[in-house]
There are 2 protein chains.
Amino acid sequence: MSRYGKRADMVVHEEEPFNAETGLSALAEDVVTPTNAFYVRGHGAVPEIDSATWRLHVHGLVERELVLSLGTLREALREREVTATLQCAGNRRAGLIAVRDIPGEAPWGPGATGTATWTGVALGDVLALAGPRGGHVGFKGADVSSEAKPAQPFGGSIPLEKACRPEVLLAWAMNGEPLPVVHGAPLRVVVPGYIGARSVKWLERIEVRSEPCRGYFQHVVYRLLPEDGIVGPGLGMPLGLVALNADVLSPADGDTVAAGPVEVRGYAFAGGERHVARVDVSADGGACWSQAQLLEDLGPWAWRHWQLTVDMPPGDHEILVRAWDSSAATQPEDEAALWNPKGYVNNARPRIQVRAARG
Amino acid sequence: MSRYGKRADMVVHEEEPFNAETGLSALAEDVVTPTNAFYVRGHGAVPEIDSATWRLHVHGLVERELVLSLGTLREALREREVTATLQCAGNRRAGLIAVRDIPGEAPWGPGATGTATWTGVALGDVLALAGPRGGHVGFKGADVSSEAKPAQPFGGSIPLEKACRPEVLLAWAMNGEPLPVVHGAPLRVVVPGYIGARSVKWLERIEVRSEPCRGYFQHVVYRLLPEDGIVGPGLGMPLGLVALNADVLSPADGDTVAAGPVEVRGYAFAGGERHVARVDVSADGGACWSQAQLLEDLGPWAWRHWQLTVDMPPGDHEILVRAWDSSAATQPEDEAALWNPKGYVNNARPRIQVRAARG
C-alpha cells in the first residue's frame with residue numbers, strides 16, 4: 001500500500017505535492033471507482049484538520065454571514081447524495097505531450113478521472129441560509145500552494161446558477177465512508193460536470209462575489225491557451241464545464257491479447273447537462289465501426305461505461321473510439337489539433353494500439 | 001421578390017413545400033437576419049389561419065385544460081422578447097452530400113440558419129396556468145405534411161424542464177413586426193438552443209406528456225443514424241440540443257478576392273447553455289492560426305459573428321475555421337467523419353477555397 005492508503009497500482013507522478021492517477025485496470029474494474037484507487041490531484045501539502053474545531057465561513061455578497069460547524073451542517077440541512085465523475089483538466093495530457101512536449105506539467109494518462117458517490121449537503125441549501133447577492137460563488141481550501149504566485153490557498157469559483165443546483169454538494173463522505181484526509185476531509189465541494197479543480201478540497205471559506213474568482217488557479221492557470229499563447233493573468237479561455245470525453249479502459253495501449261474475440265471496454269462522459277448517447281468502436285483504424293453497448297446508467301453526473309466484443313485476427317490493430325452526446329456533438333478526431341501549452345482538456349477520440357497473437 | 005415576400009437572393013431548394021435558405025451575403029450583412037431573408041423550412045403547405053378564430057389548446061397531463069385566444073395570451077401574460085438563432089438540423093448538409101450523396105434530402109448549404117428577435121409570451125407562463133403533470137411538452141402545428149407516414153400535422157416535443165425556462169417563447173412577432181404567415185402566424189414556438197424542428201410553426205395544440213412525442217418527425221425523421229443505419233421508428237439517436245457550430249459568411253467558397261488584406265467574417269453558435277469562447281481562422285489550410293475578433297454579443301441564445309483580416313498573397317488559399325465553446329469543446333475536423341444517412345448536424349470545422357488575384 002502506498003501513501004494515504006492508496007492501492008499500489010496507482011501511478012504516482014509526484015510525491016510532494018502528492019499527485020497520483022488511478023491504474024487503468026482499477027478504472028476498468030467497476031463503474032464506481034474504489035476510494036483507495038481514486039486519483040489524487042494536489043497543489044500543496046495535504047492539510048490535517050481537526051473536524052471538531054473546523055468551521056465553514058460563508059461571507060461576501062450575502063445578507064447574512066455564517067460560521068458553521070460540521071455538526072450544524074448535519075443537523076440543519078437535508079443530507080444528499082450524488083454519484084458524480086470528477087475529471088482533472090489535465091486528464092489525458094500524455095496524449096498531447098506525445099505530440100509536443102509540455103515541460104513542468106504532470107503527464108496524466110487516462111486515470112486522472114474517477115466516479116464516486118458523494119454524501120453531504122447541497123451547497124444551495126447553505127447559500128440559502130446566507131442569502132446570496134452576487135453572481136459567483138468562490139471556494140477557498142486549507143491547502144496552501146507554493147506553486148502559486150504568490151503562495152496562496154487553492155481555490156476557485158462557479159456561477160451562482162450552477163452553485164444553487166441540487167447536484168452541487170459540500171461532501172463529508174465518499175463511497176459511503178467518511179471523506180479521507182487526502183480527498184478533502186472534513187468537507188469538500190463536489191461540482192458535477194465541471195473540471196475537478198472546482199471541487200475544492202479542505203473547504204474553509206465560501207465567498208459570494210460579483211465576478212469570478214481572481215485567484216492564481218482560476219485566473220492564471222486553469223485556462224485554455226492558443227498554441228503560441230503564454231500563461232498570464234486572465235489570458236486564454238477559462239476552463240469550467242467539462243465537454244464530452246471518452247477513453248478505452250481495456251485493453252491497454254500496447255497490450256498483446258489473444259487473437260479472436262476481444263472485449264473492449266471504456267467510459268464516456270458528457271458532463272451532465274448532456275448525456276452520452278452513443279459510442280462507436282473500430283478495431284481496424286476506422287475502416288469499420290460498430291456501436292458499443294452502453295452499460296449501467298448511474299445518473300446524469302456520472303460517466304457511462306461501454307463495451308463491445310470485436311474480432312481481432314492475429315496482427316496489429318488500432319482501436320478507435322468515438323462518442324456522441326445528446327446534442328449530437330462528437331469528439332474531435334485528432335489530439336495534435338488540441339495541443340495547447342498547458343496540455344488541458346484533451347477530449348480527442350481515443351486511439352490505442354493492440355497486438356493480437358495466436359494463443 | 002419571390003414567394004412570401006422573400007428576397008430574390010434566397011436559394012430555393014423546393015417550391016412545394018416551400019424550402020429556401022438565406023443567401024450567404026444576406027447572412028453576412030448583419031447579426032440579426034432580416035425577416036425577408038430568413039430561411040424557410042417547411043414540411044407541408046403553408047396554412048392560412050384566421051387569428052381571430054384561432055385558439056391554442058393546452059391538454060394532456062395537466063391539472064386544467066385550456067383553450068386560449070391570442071387576445072387572452074396578450075392580456076393575461078407578460079410579454080417577453082428573446083434574440084435567438086434558429087438552425088435547421090439539415091444546415092450544412094451540402095458538405096456531407098459532397099462526401100457521399102444523400103438522395104431525397106434538401107441540399108441545405110450554410111443558410112438554413114438565422115437570428116431574429118422574437119416577441120410573445122413564455123411557454124412556461126402558459127404551462128403554469130394549466131399545471132403540468134408530465135415530463136414532456138409536445139407541440140402540434142396546423143401544417144399537415146404528406147411526407148409523413150401517415151400524413152399528419154408537423155410536431156415535436158421538448159422536456160418540461162426546458163419548456164419552463166424563460167427563453168422558450170410562444171411568439172407572435174419577429175424582428176418587431178407581426179409574425180409572417182410563412183414563419184408561423186399567428187403563433188409559433190421558439191425553442192432557443194434546440195434544432196429548428198422543435199420551434200413548431202402555426203401552433204395549435206400543446207400536450208403535456210409522460211414521454212417524448214412519438215410523431216413521425218421526432219420519432220422517425222430527426223434522428224442521428226450510424227453510417228449504415230436505416231430510417232425507422234425510434235432508430236438512431238434523437239436530435240434536440242444544438243452543438244457548437246461555426247461557418248464562414250464572407251468570402252464565399254470559390255470566390256476570387258483582391259490579393260492583400262482580406263476580411264474574413266462568419267458566425268459561431270454554441271447552443272445557449274454554452275457560449276462561444278474563441279474562434280481561430282487559418283488562411284493557409286491550417287499551418288498558421290490566428291484568433292478572430294468576436295463581434296456584438298446578442299445574448300446567450302444567439303450566434304456570435306466574428307471577423308479577422310488575413311493577408312492573402314496571390315494564389316489559392318484554403319480558409320479553415322475552428323471554434324471553441326465555454327466547455328472547451330471544439331468542432332470535429334472532418335466532414336467525412338460526420339456523414340450520416342440523413343445528413344444531419346454537420347458541425348465540422350468549415351473549410352472554403354478562395355483565390356486571391358492581383359487587382
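Since every read-out is calculated from the coordinates, none of them should be taken as a lab result. Here the structure is a predicted model, which is why all the values come from computation and not from measurement. Using ideal geometry, Cβ is built from the backbone for each residue, glycine included, and neighbour counts are taken over all protein chains shown.
The peptide list A:184-195, B:4-15, put in order of mean Cβ contacts within 10 Å with the highest first, becomes A:184-195, B:4-15.
With a 10 Å cut-off around each Cβ of A:328-339, the average count of Cβ atoms from other chains is 6. Shown for A:Gly286: label points 7 Å from Cα along the beta-carbon vector, and their distances to the equivalent points in the other copies, 0.9 nm in ascending order. In sequence order, the range B:69-75 has phi-based couplings of 8, 4, x, 5, 4, 5, 7 Hz under the Karplus curve 6.51 cos²θ - 1.76 cosθ + 1.60, θ = phi - 60°, and Gly or Pro positions carry x.
With label points set 7 Å from Cα along Cα→Cβ, the inter-copy distances at B:Arg214 are 5.8 nm, sorted shortest first. Please work out the Cα center distance from the range A:312-359 to the range B:15-76, rounded to the nearest Å. Taking the Cα centre of the range B:15-76 as reference, the centre of the range A:312-359 is 43 Å away. The calculated Kirkwood hydrodynamic radius for the range A:251-359 is 14.7 Å, given to one decimal from all distinct C-alpha pairs. Take B:Arg7, move 7 Å from Cα toward the beta carbon, and the resulting point lies 6.1 nm from the same point in each other copy, nearest first. Computed on the range A:66-141, with alpha-carbon pairs under 8 angstrom and 6+ residues apart, the relative contact order is 39 percent. For A:Val276, the residues 5 or more places off, or on other chains, whose built amide H falls under 5 Å of its own are A:Ala270.
Rounded to the nearest 5, the antiparallel percentage of DSSP beta bridges internal to the protein assembly as shown is 90%.
With just the Cα atoms defining each centre, how far is the range B:114-155 from the range B:162-202? Give it in Å. Taking the Cα centre of the range B:162-202 as reference, the centre of the range B:114-155 is 9 Å away.
Inter-chain Cβ neighbour count for A:222-231, averaged per residue, equals 2 (cutoff 10 Å, partner chain atoms only). Pairs of Cα atoms in the protein assembly as shown fall into 20 Å distance bins, from 0 up to the last occupied one, in shares of 17, 48, 32, 4 percent. Here, chain A yields an orientationally averaged convex hull projection of 17.6 nm² when only Cα atoms define the hull. Only helices enter the 222 nm calculation for the protein assembly as shown: every DSSP H run of n ≥ 4 contributes -39,500 (n - 2.57), and dividing by all residues gives -2000 deg cm²/dmol, rounded to 500.
Close amide H contacts of A:Ala302 (hydrogens built in the peptide plane, cut-off under 5 Å, sequence separation of 5 or more or a different chain): A:Thr85.
The range A:246-306 and the range B:227-275 have Cα centres lying 27 Å from one another. Counting only residues at least eight positions apart within a chain, or on another chain, the aspartates and glutamates with an alpha carbon under 12 Å from that of B:Lys140 are B:Glu204, B:Glu207. Within the range A:135-209, antiparallel bridges make up roughly 100 percent of the DSSP beta bridges whose residues both belong there. Calculated translational diffusion coefficient of the range B:159-287 (37 °C, 0.692 mPa s; Stokes-Einstein with Kirkwood radius over alpha-carbon pairs) equals 181 µm²/s.
Each peptide in A:319-328, A:61-70 gets a packing score, the mean of other Cβ atoms within 10 Å over its residues, and the list from highest to lowest is A:319-328, A:61-70. Farthest towards the positive end of the charge dipole of the range A:20-79, among the residues A:Ala37, A:Leu27, A:Ser69, is the Cα of A:Ser69, using unit charges on the Cβ of Lys, Arg, Asp and Glu. With contacts taken as Cα pairs under 8 Å at a separation of at least 6 residues, chain A carries a relative contact order of 17 percent.
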